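Here's the structure, in structure tokens; my notes come after.
The values are calculated or read from the model by the stated rules, or taken from the named source; none is laboratory data. Just so it is clear, the model here is predicted, and its values are computed rather than measured. Note that each Cβ is placed from the backbone with ideal geometry, even for glycine, and that neighbours are counted across all protein chains shown. These accessible areas exclude ligands, DNA and RNA; they are computed on the full protein's heavy atoms, side chains included. Shrake-Rupley method; radii C 1.70, N 1.55, O 1.52, S 1.80 Å.
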Amino acid sequence: MRNSLVVLSLVLLVCGVLAQSPSQRPISATASVHFPPAAVAAFQKIEAERIRAHVRFLSHDLLEGRGTGQRGGDIAAEYIATQFALDGLKPAGDNGSYMQKVPMVGITLTPETTFSLVPAKGSAKDLKQLTDYVAHDETQQPESTVNADIIYVGYGIQAPEYQWDDYKGVDVKGKVLLMLVNEPTSDDPNFFKGKALTYYGRWVYKYEEAARMGAVGAILIHKTDMASYPWEVVRNSNSGEKSYLKLDGSPKLKVAAWIHLDVAQQLAADSGLDLDKMMSDARSRDFHPVALPVKLQAHMVSKVRPFESNNVIAMLPGSDPKLKTEAVMYTAHYDHLGIRPDMPGDNIYNGADDNATGCGILLELAQTFASAGQQPRRSVLFASVTAEEQGLLGSEYLGKHPPIPAGKITLDLNYDDIPPLGSPEEVEVSGAERTTFYPTVQALAAEFRLAIRPDAHPEAGHYYRSDHFSLARVGIPAFSINEGIKYKGHDAAWGMQQADEFTQKHYHQPSDEYHPDMDFTGDAVMARFGFALGWQTASAPKLVGWEKGDEFEAARIKSGAN
Ligand SMILES: [Zn+2]
């Protein structure tokens, strides 16, 4: 074990990743890393320039921004499938192909929709779309009618691990639930993870839980400081078409809505209540749902547009006859925002950083594993997913329809937007610390001379906004790998400035495009680091799990992983 570790260190030295000799470097005693010579030789061949070639092609204007359900997106999928075929990897999509069809629908709420709050006493209030409320009909029907009592359910959270239940067994079937965004605040790391936002605080969870409880609608009260974004963000991301996976039998809401704070205040007053007091009451474990003397009367009229796209999936079978039924998985979304023909000037959202870089790394990893001459004991899955920009839909579908059962997937490593800025001295692996794999991650990061950079804003809940989260939801330990902000030859302020500039000027803009002076050294380092992590877990005696008490532990147990 110790010997092969030295072999890896020497290789890293050869690759110019490390500066010091192996003997100078302490290694965590809790984790052992060992690689056979074939893996080390393969690892050495990972090349920045091949990643560049993939990025250059995938972000070319000819691919028209790789829009989901658009021609350019489909060409990107075919390109990726072709690369998998050239590598000699086994197709792991539908019917012996690399493609996994993802059926989706686009829903647009039309102006014919009516939405009124009707108090038992007094006159009805007709709310104005986008100004007072936003809403979608998740049942994917062209028309739905709701005429139901409103019940205030505080945060709308049921979290047994924190002894928290806002529903308290109250029957909410057929009702409309009024609730707060976010989760009860605390500094106690054992209570909703302290300052960090958990999944319970996300609006997605609240709608899902309301539907599971049999409610027909859920209305979130928007409050800027609690949501951490202003009403404009809610309005903009809910105007126009919104995409969903095609119905799969799980319960859905006829009304999934947000209301403006002013409307909520009026609603409370009409109910003889005080909104501030309602909010503070919700912070207590003893909170009990409150039936309001107000009904929601809504006629939801939607335009429903079915369409489809593909996840692209390949597999390298493992070498161990028994363990090959299990796998480690790599993911990177290939879709971006497509083309806007009606927009003057440059109207192609090339998505070079986001996420041609992640795809380039995924393809380089696929090629490296395929040509290694020796396979790890478990199988390796490569999944380039679609519709990330539509709300993690491709990865959600993959999580619900994995090529091998979720309980047999040891780990998902995701790549999304890896800036081509040079040689990184840090790595970000937020979420890894929640898994039993973390000691290995720490040990390998030390080997790579990469400092682990902690999540700067855990309260923003970034963990829940990237594709790895779709896999975590079905229990698979999952996290994304990215560079931090400190690069060789620059201080941290430079890295921060690059990141800020990208966010302000290029993020989700047509100017996120390929330039020949991009430096893919860091992308190659992230590929090597991911290769080492993946090889290690694909060969380890046990599957990776979530730490005890983690919010995804129950899903892992349910998936049958042991
Ligand atoms: Zn992305």
Let me know the Rg and Dmax you get for region 250-333 when you use only its Cα atoms, in Å. 24.5, 68
Please give the residues of region 182-199, grouped as numeric ranges, whose backbone N is less than 16 Å from a label point set 7 Å along the Cα-to-Cβ vector of SER237. 182-183, 197-199
Summing +1 for each Lys or Arg and -1 for each Asp or Glu, what net charge is found among the other residues whose Cβ lies under 14 Å from the Cβ of GLU426? -1
Note down the nm distance, to one decimal, between modelled labels 7 Å out along Cα→Cβ at GLU547 and at GLN498. 3.0 nm
Between 0 and 90°, nearest 10: helix 261-270 axis offset from the chain longest Cα axis: 30 degrees
Trypsin sites (Lys or Arg not before Pro) restricted to region 277-339 and DSSP loop, no more than 11 other C-beta within 10 Å: ARG285, LYS322
Relative to the longest principal axis of the C-alpha atoms of the chain, give the angle of the C-alpha long axis of helix 521-539, reported between 0 and 90° and rounded to the nearest 10°. 90 degrees
Provide the percentage of antiparallel DSSP beta bridges, counting only those with both residues in the chain; round to the nearest 5. 60 percent
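Suppose the chain between HIS34 and SER319 were pulled fully straight at 0.36 nm per residue; how much longer would it get relative to their current alpha carbon spacing? Before the final figure, lay out each step's value.
Working: separation 285, 0.36 × 285 = 102.60 nm, distance 1.65 nm.
Answer, rounded to one decimal: 101.0 nm.
Can you pick out the pairs among LYS175/LYS252; LYS322/LYS542; LYS101/LYS246; LYS173/LYS254; LYS324/LYS542 whose Cα atoms lie more than 18 Å from each other?
Numbers: LYS175/LYS252 13 Å; LYS322/LYS542 13 Å; LYS101/LYS246 11 Å; LYS173/LYS254 13 Å; LYS324/LYS542 13 Å.
Table pairs above 18 Å Cα-Cα: there are none.
Under 13 Å from the Cβ of SER97, count the other residues' Cβ atoms, weight Lys and Arg +1, Asp and Glu -1, and hand me the total. Kindly include the intermediate steps, with their values, before the conclusion.
Working: positive: LYS90, LYS101; negative: GLU78, ASP94.
Result for the local shell: 0.
Any idea what % of Cα-Cα pairs in the chain are farther than 29 Å? Write down the numbers at each step before the final one.
Working: 87382 of 157641 pairs.
For the chain, the fraction of Cα-Cα distances above 29 Å is 55 percent.
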Round to the nearest 10 and report in Å² the accessible area of VAL474, as given by a 1.4 Å probe over the protein chains' heavy atoms. 40 Å²
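Give me the number: length gained by fully extending THR436 to ASP126, i.e. 0.36 nm times residue separation minus the C-alpha to C-alpha distance, one decimal in nm. Show your work: numbers first, answer last.
Working: separation 310, 0.36 × 310 = 111.60 nm, distance 5.23 nm.
Length gained, THR436 through ASP126: 106.4 nm.
List the trypsin sites (Lys or Arg not before Pro) within region 92-129 that DSSP assigns to loop and that have no more than 14 neighbouring Cβ atoms inside 10 Å. Write down the numbers at each step before the final one.
Details: sites: LYS101, LYS121, LYS125, LYS128; in loops: LYS121, LYS128.
Those that pass, being in a loop and sparsely packed, are LYS121, LYS128.
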Can you pull the one-decimal nm distance between simple spin-label points at ALA291 and GLN509, each 7 Å off the Cα toward Cβ? 5.4 nm
I want the local charge near SER371. Using Cβ-Cβ distances under 13 Å, sum +1 for each Lys or Arg and -1 for each Asp or Glu among the other residues. -1
Helix axis angle, 71-87 relative to the chain longest principal axis, alpha carbon, degrees: 30 degrees
Ignoring everything but the protein chains, give the 1.4 Å probe accessible area of MET226 in square angstrom, nearest 10. 40 Å²
